[in-house]
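First the structure, in the form of C-alpha cells, and then the observations on it.
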Amino acid sequence: MEAPEPTAKDNARRLASRALFVLAVVAVVVYGLDQLTKYLVVENLPLGQPVPFIGELLQLRFVKNSGAAFSLGSGVTWIFSLVAAGVVVFLVASAHRIRSITWAVVFGMLLGGTLGNLTDRLFREPSFGQGHVIDFLQLYAFPAIFNIADIGIVSSMALFIVLTLRGTGLDGTRPAREAPRARSASEEE
C-alpha cells in the first residue's frame, strides 16, 4: 500500500514548522551570544576604557547606555522597555504566519536582538524597566558603540528591506510579473 500524497495543507504545516524551528534557533543563538558577550564584558573590561581588538578598526569599549541608538532618549528608558516588549509580543504572535526560511531568519534575528536589549533594560541597574544596555563594540569612525543584539536587529532590518523590495511574502513567494503585452498595429502607428 502506497503512502498518500501530501496535501497542500500538509506541506504548509511542514513549512510552518520548519520556519518556526529556524526562527527559534536564530533567536536563541543571537540572544545567547548577546548575553554571553555582555557578561564577559562586564566581568573583564574597565568601564569606558578603549581596548584595541582589531587595531584601531574595532575596539572594545564598555559603556552603559540608558538610551537608544546613539544614546538618544536617555531620559525615557522605560519607553524603550515598553516598545521592546511590544515588539517581542508582535513577533511571537506573528510567527505562525511565516513559511519562508529567510523570513524566519529575519524574525529570529529581530526577536533575539530585541530580547537581548530588553533583558538589560529589565534586569540591569539602575532599576527594573530602566536598566542600562551594555554596549561594547566600537568601529573606527563610527559614532555609536553597540552590541551583538544591535547587530541582530540592524541585520534583520537590512534583510527585511531586501525582502520587501523584492516583494517576497512571508510564505516565501513573490508575485508573478506580468509579461509585456504585444502592441497592436494601431498602437505602433
note = Plugging the Cβ-Cβ distance of Arg18 and Val83 into 1/(1 + (r/R0)^6) at R0 = 25 Å yields, to the nearest 0.05, a FRET efficiency of 0.25
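Would you mind calculating the gained length between His96 and Arg166 on full extension (0.36 nm times residue separation, minus the Cα-Cα distance), in nm to one decimal? Please list the in-between numbers first.
Values: separation 70, 0.36 × 70 = 25.20 nm, distance 2.19 nm.
Fully extending the segment from His96 to Arg166 adds 23.0 nm.
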Crossing angle, helix 101-123 versus the chain [Cα axis fit, 0-90 degrees, rounded to tens] = 20 degrees
note = Note to self, the chain gives a 222 nm [θ] from helices alone (DSSP H runs n ≥ 4, -39500 (n - 2.57) apiece, / all residues, nearest 500) of -18500 deg cm²/dmol
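I'd like the Kirkwood hydrodynamic radius of the chain, using the inverse of the mean 1/r over distinct C-alpha pairs, in Å. Please report the intermediate quantities before stating the final value.
Numbers: mean 1/r = 0.0524 Å⁻¹.
Its Kirkwood hydrodynamic radius stands at 19.1 Å.
What does the charge count around Leu47 come to, taking other residues whose C-beta lies under 10 Å from its C-beta (Lys +1, Arg +1, Asp -1, Glu -1)? It would help to have the intermediate numbers written out before the result.
Details: positive: Arg61, Lys64; negative: none.
Around Leu47, the charge tally is +2.
Since every read-out is calculated from the coordinates, none of them should be taken as a lab result. Model, not experiment: these values are computed from the prediction. Note that each Cβ is placed from the backbone with ideal geometry, even for glycine, and that neighbours are counted across all protein chains shown.
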